[in-house]
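Comments concern the structure below.
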Amino acid sequence: MTVPAHALGSLRQQLLRWLILPLVALVALNAVSLYRDALEAADVAYDRSLLSSTRALAERVSVQNGKVVANVPYVALDSFETDTLGRIYYKVTGLQGETVSGYGDLPPVPAHVARSDLYPALVRFYHASYNGETVRIAALLQPVFDDSMRGIALIQVGETLDARNALSRDILLNTLWRQALLVLAVAALVWFAVRLVLRPLMRLKNEVETRPLSDLSTIDQAMVHKEVRPLVAAMNGTMARMQDLVASQRRFIADASHQLRTPLAVLKTQAALALREDDPAALRAIVASIAGTTDSAIHLANRLLTLARIEHGGGSDQAAPVSLAAVAGQVGLELALPAVQKGIDLALEVEAGERSTVSGQELLLHELVSNLVDNAIRYTPPGGSVLLRLGRSEGGVLLEVSDSGPGIAPSEYDKVCMPFYRAQATLEANPGGTGLGLAIVRDIALLHGATLALGRADSGGLKVGVRFAPA
């Protein structure tokens, strides 16, 4: 199982983080946008007020005796000079650029400032620095005329930004606290929503944690949301496989106990006979029987261990290219002596040559070939023959072991691959068999993705074929 470099944290925290952080970013962008829109609206409102003051002053500008004059009352001058939220400055410029009234050093209109299109007047708005303060100035071109002359006078009215800045601060604070309340409200709603959504998962957690170890029943998928049901289905599948594994282990233990009970009982009987026997010759015969029974018990135990190891995945060895020709040759040399002692002709035919390489675990493949050849020797009568052949079939490697023994009825082909099952014909040929040989062969073949097939040999005995995919 692959372990992640960094363990995953809380699902609730991740959901909250991925929901709230983008929300905070979006709210921040929205707050900036609202703040800019509010400032723009405030500027338009203040500019309109500034233009109104400029127009009011322009209405008092006229031409008298060939000169531009500004008839500004004292009260109006006082209101222009100061305001509750800042200072206001004005300047009236005549037709020749002379100062008619107001603050003569008020900054002129920059050349690059365009006329405002928001109002039906020849007015331009701009910022300038005056007396160490930033002021907003409205410059209005006002036509003036009488019977003797006509022209354009310039009326400028400026105000400090104290009122605008105060309004900007109020808008900013109002925007921030409203957006903060919105974020807190949404965060609380998201937290409660996430908690509510994760409640079925917590029920599933409690369901799994409180189950007894022996309870491998399936979990109801209806207790979780649709998106989580594939996980529950996978858990149910795992528990079903565990049920099969536990049942298989129980059957294996029961069968192994039954099979081991017989040789142990025989050993106990033989030992009791040996204790009562005084004749040295008879005692030697009993000891020889004990040795034979012990060998059978060891053989049975070894095959049980092999079968258990295969059922648990064949060990920790990784698959690698293995030459079946080399494995078959080694097994032939190992079992040559038992074959000679029984008068059996053991032959090896290799047609695949260098193309007999398959992908697998060498020790298990050796066990597979050894079991097939050992079974063939055990069930072949003296003077018979056993043929181990390697060839090519359908692009893969075909391993065949044929003997001249009693064979197996076709109706029992599937049964003989089950642990501890023995065909009727084999009981007479080898009464001491374990019934595990073909079961081990089948499991090793399945572990290597190979197919197992049983049939009748040309010599009348059994032919076992194992077809491997190409490496």
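Would you please classify the overall shape of the stretch 350-420 from the alpha carbon gyration tensor, given that a ≥ b ≥ c denote the square roots of the eigenvalues, rounded means a/c under 1.5, and beyond that prolate means a/b larger than b/c while oblate covers the rest? All intermediate terms of the calculation are to be shown ahead of the outcome.
Values: a/c = 1.80, a/b = 1.50, b/c = 1.20.
Taking the square roots of the gyration eigenvalues as a ≥ b ≥ c, the stretch 350-420 is prolate.
Residues Glu277, Glu351 ordered from highest to lowest accessible area at a 1.4 Å probe: Glu351, Glu277.
Set the Förster distance to 45 Å, then compute FRET efficiency between Ser217 and Ala301 from the Cβ-Cβ distance, nearest 0.05. Efficiency, rounded to the nearest 0.05: 0.80. Taken as Cα centroids, the stretch 360-407 and the stretch 168-219 sit 65 Å apart, rounded to the nearest whole angstrom.
Under the 0.36 nm per residue contour assumption, what length would be gained going from the current alpha-carbon distance of Met235 and Ser116 to full extension? Numbers along the way, then the final one.
Details: separation 119, 0.36 × 119 = 42.84 nm, distance 7.18 nm.
Going from the current span to full extension adds 35.7 nm.
Nonpolar atom fraction for the stretch 30-176, defined as the carbon and sulfur part of the 1.4 Å probe accessible area, stands at 52 percent. Between Ala336 and Ala469, the simple label model (points 7 Å from Cα in the Cβ direction) yields a spacing of 3.6 nm.
Heavy-atom accessible area per residue, the stretch 113-260, 1.4 Å probe: how many Å²? Intermediate results must be reported in sequence, preceding the final value.
Details: 9320 Å² over 148 residues.
Per residue, the stretch 113-260 has an accessible area of 63 Å².
The length gained by stretching the chain between Thr99 and Ala271 to full extension, at 0.36 nm per residue less their Cα-Cα distance, is 48.0 nm. Each label was represented as a point 7 Å from its Cα along the Cα-to-Cβ direction; for Met242 and Ala281 these points are 6.4 nm apart. Given R0 = 60 Å, the distance between the Cβ atoms of Lys67 and Arg169 translates into a calculated FRET efficiency of 0.85.
Taking a ≥ b ≥ c as the square roots of the eigenvalues of the Cα gyration tensor, an a/c ratio of 1.5 or more together with a/b larger than b/c marks the stretch 160-205 as prolate.
Computed from the C-beta positions of Ser148 and Glu40 and an R0 of 45 Å, the FRET efficiency is 0.50 to the nearest 0.05. Accessible area per residue for the stretch 360-422 is 38 Å², calculated with a 1.4 Å probe on protein heavy atoms, without ligands, DNA or RNA.
Once you reduce the stretch 452-468 and the stretch 41-71 to the center of their Cα atoms, the two points are 116 Å from each other.
The values are calculated or read from the model by the stated rules, or taken from the named source; none is laboratory data. In this text the structure is predicted, and so the values were computed from the model without any measurement. FYI the Cβ positions are ideal-geometry reconstructions off the backbone, even for glycines, and counts take in every protein chain you see. Ligands, DNA and RNA are excluded from the accessible area calculation, which covers all protein heavy atoms including side chains. Shrake-Rupley method; radii C 1.70, N 1.55, O 1.52, S 1.80 Å.
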